[in-house]
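Read the structure below first, then the notes.
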Amino acid sequence: MGKIFLAGNPNCGKTAIFNILTGLNQKVSNLAGTTVEVSKGKVKINEVDHHVIDLPGTYSIYPSSFEEKVGIDYLLSNKADIDLLVYVADANQLFRNLLFFSQLSGLDIPMLLLVNMWDTEDFSTKIDLNNLNSELGVQVIAYSAKEYRSFPNLTEVLQNAF
């Protein structure tokens, strides 16, 4: 069984993405510390069951709070078993969110960058996803967990990532 990890800064939509993928209903909130533990669910991709692991929001690979330590410790202790790390970034704060992304990209884990909250502004004129894809060397996807029905099916996107 494969493992897909969801990582990113607090309040970027990781848990909403987790709920879309797994069909579960984990608490989603815009309050600091809402996700303070690792949540687990399952999704079937390419006829293979995958565990989906939602990590607490973290700003850096160097934890400065209990929830960050929980997430980083879990990620690092399971690093060898990760099939795909989906880094969820807030389109409204993309530059800030890329610090943690850059730290994780040095861990030699297959990654996908999901730029969430794409529906909140007209980012198509502000962020060049193709250029970002080339610069970062990973697949970059524009997405909206809030308006996910008007975006590509996330499971299909993940099928192409494997």
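If I filter region 84-92 for residues that are in a helix (DSSP H, G or I) and at pLDDT below 95, do I get at least one hit? Yes, there is a match, as at least one residue in region 84-92 is in a helix (DSSP H, G or I) and at pLDDT below 95.
So that you can scan it fast, the table gives a plain yes or no per residue for (1) at pLDDT below 85; (2) surrounded by fewer than 17 Cβ atoms within 10 Å (Cβ to Cβ):
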site: LEU31; (1), (2): yes, yes
site: ASN46; (1), (2): no, yes
site: LEU55; (1), (2): no, no
site: SER60; (1), (2): no, yes
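Being aliphatic (A, V, I, L, M), in a helix (DSSP H, G or I) and over 18 Å from GLY2 (Cβ atoms) is a property that holds for LEU99. For first residues located in region 77-95 and more than 16 Å from VAL138 (Cα to Cα), partners that are in a loop (DSSP other than H, G, I, E, B) and of a type in the set (Asp, Glu) and lie 6+ apart or on another chain with Cβ distances below 9 Å form the pairs LYS79/ASP108; ALA91/GLU121; ASN92/GLU121. If you go through region 77-104 and pick out every residue that is open to solvent by 50 Å² or more (accessible area, probe 1.4 Å) and closer than 16 Å to TYR59 by Cβ, you end up with 6.
Just one of the listed residues (LEU132, LEU107) is touching a strand residue (DSSP E or B) at 6+ places or on another chain (Cβ under 7 Å) and open to solvent by less than 40 Å² (accessible area, probe 1.4 Å), namely LEU132. Looking across region 105-118, the residues that are of a type in the set (A, V, I, L, M) and within 22 Å of GLN159 (Cα to Cα) come down to ILE109, MET111, LEU112, LEU113, LEU114, VAL115, MET117. Residue count for region 111-123 satisfying the condition of being without any contact (Cβ under 8 Å) to a residue 40 or more places away in the chain, open to solvent by less than 80 Å² (accessible area, probe 1.4 Å) and more than 16 Å from PHE95 (Cβ to Cβ): 2. Taking first residues from region 42-63 that are free of Cβ contacts under 8 Å to residues at least 12 places away in the same chain and partners that are open to solvent by 80 Å² or more (accessible area, probe 1.4 Å), the Cβ contacts under 7 Å between residues at least 6 apart in sequence or on separate chains come to PRO63/LYS69. Just one of the numbered conditions (1) in contact (Cβ under 8 Å) with a residue 12 or more places away in the chain; (2) surrounded by fewer than 20 Cβ atoms within 10 Å (Cβ to Cβ) is not true of ASN9: (2).
Among the residues of region 139-150, none qualifies, meaning not one is among the β-branched types (Val, Ile, Thr), surrounded by fewer than 17 Cβ atoms within 10 Å (Cβ to Cβ) and out of contact with any Asp or Glu (no Cβ under 6 Å at 6 or more places or on another chain). Scanning region 48-71 turns up no residue that is among the hydrophobic types (A, V, I, L, M, F, W, C), assigned to a helix (DSSP H, G or I) and under 13 Å from LEU104 (Cα atoms).
The values are calculated or read from the model by the stated rules, or taken from the named source; none is laboratory data. If you're wondering where the values come from, they're calculated on a predicted model, not measured in any experiment. Ideal geometry is used to build each Cβ from the backbone, glycine not excepted, and the neighbour counts take in all protein chains shown. Accessible surface areas use protein heavy atoms only, side chains included; no ligands, DNA or RNA. Shrake-Rupley method; radii C 1.70, N 1.55, O 1.52, S 1.80 Å.
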